[in-house]
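For reference, the structure is listed below as structure tokens.
The values are calculated or read from the model by the stated rules, or taken from the named source; none is laboratory data. These numbers were taken from a predicted model, which means no experiment stands behind them. A quick note on method: Cβ atoms are made from the backbone with ideal geometry, for glycine too, and the neighbour counts reach across all protein chains shown. Protein only, heavy atoms only, side chains kept; ligands, DNA and RNA dropped before computing areas. Shrake-Rupley method; radii C 1.70, N 1.55, O 1.52, S 1.80 Å.
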Amino acid sequence: MTKIGVFDSGVGGQAVVDAIKRSIPDADVVYADDKANVPYGNKTPEELKQLVLPILNMLSKQGCDAIVVACNSVTTTIISDLRQKISTPLIGMEPMVKPAAATTETGMIAVCATPATLKSTRYAWLKQQYADGVEVLEPDCSAWPYMIESKQIDHNKIRSRIADVCEAGADVIVLGCTHYHWIEKEIKDIAKEYKTTVIQPEQPVIAQLKRVLGLRP
Ligand code: DGL
């Protein structure tokens, strides 16, 4: 049976596990998190390496055929280092800057992500490569992973951040942190009032996972 490992700091990855199970129901999906150290979004690449490597090693030793790094903060900061150390194929998740920039009609997009992701060189590269000439808003969502992890959702804060970027003219919002998948419906409902689209990478990541595992699309 195909064995898929999924990793995130906390509940973000669980949303991705649910999506994988819906799409590949007969796979054995093993989930590992690091709740003792959540949130990851305010950690340095060095700190992340120390935390993540042992966990991915453990998933690899359990015989996973592929591991989904369901964490934008880890993917954008250290995935190349991890790939050098872990022989199991790693599938990362990163902000969908390319499709957002390709579809915006206003020339303005918003990326909701953690400070670690927003500071990363990979994210800077994505913007430079695919969003040249597009204005990219980066609302402060740094408190959201903890808020979601601890189930203390501040609905007013979410509304105000999302309404702000929509009112500023962003017509595509990128969810660049898997924790935010849990509030995707809430964000979409607010964005809809402004005809703004909300995107996140679960489906393209699952398509890539299937390619790596040699499964039918
Ligand atoms: N869910 C993770 C991400 O996609 C990390 C959130 C956090 O722990 O700060 O970035």
### Task
Filter the range 125-138 down to residues that are open to solvent by less than 60 Å² (accessible area, probe 1.4 Å) and either within 15 Å of the ligand (Cβ to nearest atom) or aromatic (Phe, Trp, Tyr) (or both), then give me how many there are.
1
#### Entry: Matching residues, the range 27-49, being part of a helix (DSSP H, G or I), over 16 Å from Tyr146 (Cβ atoms), within 15 Å of the ligand (Cβ to nearest atom) and open to solvent by 60 Å² or more (accessible area, probe 1.4 Å)
Pro45, Glu47
#### Entry: Near pairs, Cβ below 8 angstrom, 6+ apart or cross-chain, from the range 139-153 (in contact (Cβ under 8 Å) with a residue 24 or more places away in the chain and more than 20 Å from Asp164 (Cα to Cα)) to any residue that is open to solvent by less than 60 Å² (accessible area, probe 1.4 Å) and more than 10 Å from the ligand (Cβ to nearest atom)
Ile148/Ile183
### Query
How about the range 139-161: which of its residues are basic (Lys, Arg) and either surrounded by fewer than 14 Cβ atoms within 10 Å (Cβ to Cβ) or within 11 Å of the ligand (Cβ to nearest atom) (or both)?
Lys151
### Summary
By residue number, the members of the range 97-124 that are closer than 14 Å to Asp171 by Cα and within 14 Å of the ligand (Cβ to nearest atom) are Val111, Cys112
### Task
With respect to Met58, determine if the residue is at pLDDT below 95, hydrophobic (A, V, I, L, M, F, W, C) and more than 10 Å from the ligand (Cβ to nearest atom).
no
